[in-house]
Every structure is written in structure tokens, then in C-alpha cells.
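So the structure is just underneath, and the comments pick up after that.
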Amino acid sequence: MSDGRHVLVLPDRDAAEEVAQELADRFGVAEQPQLVRDALAGEDDAEDAQWLVVVEDPAERLDPTALDDFAAEYEGWLETP
């Protein structure tokens, strides 16, 4: 399926930070997820940036459907590889 990595796309930094913190509680993610600012093509304005939460899952034990539902609570989604 994936290379042991899940990418959640969130609308803003606050949502991404909340999701990153909540992942440990809800999914037992041990390693701190990586937050990445993803500026939309051609946009310089930080307000138009999405934020990516990159979750390492080498054992592939996280359920992609559950992650997608979780991201949706923050108006985001799970990026499909």
C-alpha cells in the first residue's frame, strides 16, 4: 500500500498542530509527526498554504480510513499515495 508513511492535509497550521498532538492520544503514534507547510502552486500568501502532517508508520498498523475520518474532523483529509 504505502511506504509506511501517511500524509494528512490540513487547512492551516493550528489544525495541523492539533492533529499532530492528538495522533499520539488517539492512534498511539509514538514518533512525533512532521509538520510541513505546503504552499499552493503560485501562491506567496501564507494564508493560502495547506499544512501536511507526515506520520511515519513503518509497521503499517494505522488504518487509513480512520486517519481520513480523523483528518475530516479538522476539515482535512488523508492524501492517497
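For the chain, the relative contact order comes to 46 percent (Cα pairs under 8 Å, sequence separation of at least 6). So, in Å, what gap is there between the alpha-carbon centers of region 50-72 and region 13-33? Using only Cα atoms to place each centre, the spacing works out to 10 Å. With the helix formula -39500 (n - 2.57) applied to DSSP H stretches of n ≥ 4, the chain reaches a computed 222 nm mean residue ellipticity of -9000 deg cm²/dmol. Taking only the Cα atoms of the chain, the ratio Rg/Rh comes out at 0.96, with Rh defined as the Kirkwood radius.
In the context of the full set of protein chains, residues of the chain present 63 Å² of accessible surface per residue (probe radius 1.4 Å, heavy atoms only).
Each label point was placed 7 Å from the Cα along the Cα-to-Cβ direction; for D14 and A59 their separation is 3.5 nm.
Maximal additional length on extending the R26-E79 stretch stands at 17.2 nm, based on 0.36 nm per residue less the C-alpha distance. Ranked by the mean number of other Cβ atoms within 10 Å of their residues, highest first, the peptides 50-62, 5-17 come out as 5-17, 50-62.
Taken about its Cα centre, the chain carries a charge dipole of roughly 360 debye when the Cβ of each Lys and Arg holds +1 and the Cβ of each Asp and Glu holds -1.
The values are calculated or read from the model by the stated rules, or taken from the named source; none is laboratory data. All figures in this text were calculated on a predicted structure; none of them were measured in a lab. Neighbour counts run over all protein chains shown; Cβ positions are idealised from the backbone, glycine included. The protein model used for the area step is the full one, side chains on, heavy atoms only, and it has no ligands, DNA or RNA in it. Shrake-Rupley method; radii C 1.70, N 1.55, O 1.52, S 1.80 Å.
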